[in-house]
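Chemist: Structure provided below as structure tokens; questions to follow.
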Amino acid sequence: MARILAIDYGGKRCGIAITDESKIIASGLTTVDTKDLLSWLKDYVPNEKVELFIVGEPKRLHGEASESEKLIQPFLLKLADVFPDIPVKRIDERFTSKIAFNTMLASGISKKKRRNKALVDQISATIILQDYLYNQ
């Protein structure tokens with residue numbers, strides 16, 4: 001069975017999350033430097049069956065696209081070019097970083113580890129993916 005892979009796309013780093021083969025549980029996988037994301041995906045996807053990409057859609061409070069969307073659009077074009085057979089769905093990612101930080105706080109992660117922005121990005125990708133699974 002194939003998995004679903006979620007990307008929390010950022011200017012410097014991208015959080016990556018993946019489902020189990022039954023597509024029930026979302027788990028944080030890693031954080032990748034944005035400049036290395038496509039090459040990382042080219043290595044990862046052939047070894048794991050991925051049937052769908054979920055990419056966070058950054059929006060402002062009232063629903064309009066945020067400035068970050070300008071960075072994501074060129075990536076989406078490249079992603080579709082490299083993986084033409086894998087569809088991409090977008091999920092509203094408003095507040096995921098805040099939710100990720102609060103999750104870290106509630107789970108007792110140390111202050112030093114909470115400063116790790118890569119971990120926040122990975123948890124954010126997991127929240128985006130879990131949101132997709134929940135609302136599917």
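The values are calculated or read from the model by the stated rules, or taken from the named source; none is laboratory data. These figures come from a predicted structure and were not determined experimentally. All Cβ positions, even for glycine, are placed from backbone atoms using ideal geometry, and neighbour counts span all protein chains on display.
Chemist: Against the condition at pLDDT 90 or above, assigned to a helix (DSSP H, G or I) and not hydroxyl-bearing (Ser, Thr, Tyr), how does Asp121 come out, does it pass?
Modeler: Answer is no for this residue.
Chemist: Still on this model: Any residue in region 123-135 that's farther than 20 Å from Arg13 by Cβ: show its pairings with residues that are crowded, with 24+ Cβ neighbours inside 10 Å and of a type in the set (Phe, Trp, Tyr) at Cβ separation under 8 Å, as long as the two are six or more apart or on different chains.
Modeler: Once the first residue is farther than 20 Å from Arg13 by Cβ and sits in region 123-135, no partner that is crowded, with 24+ Cβ neighbours inside 10 Å and of a type in the set (Phe, Trp, Tyr) comes close enough.
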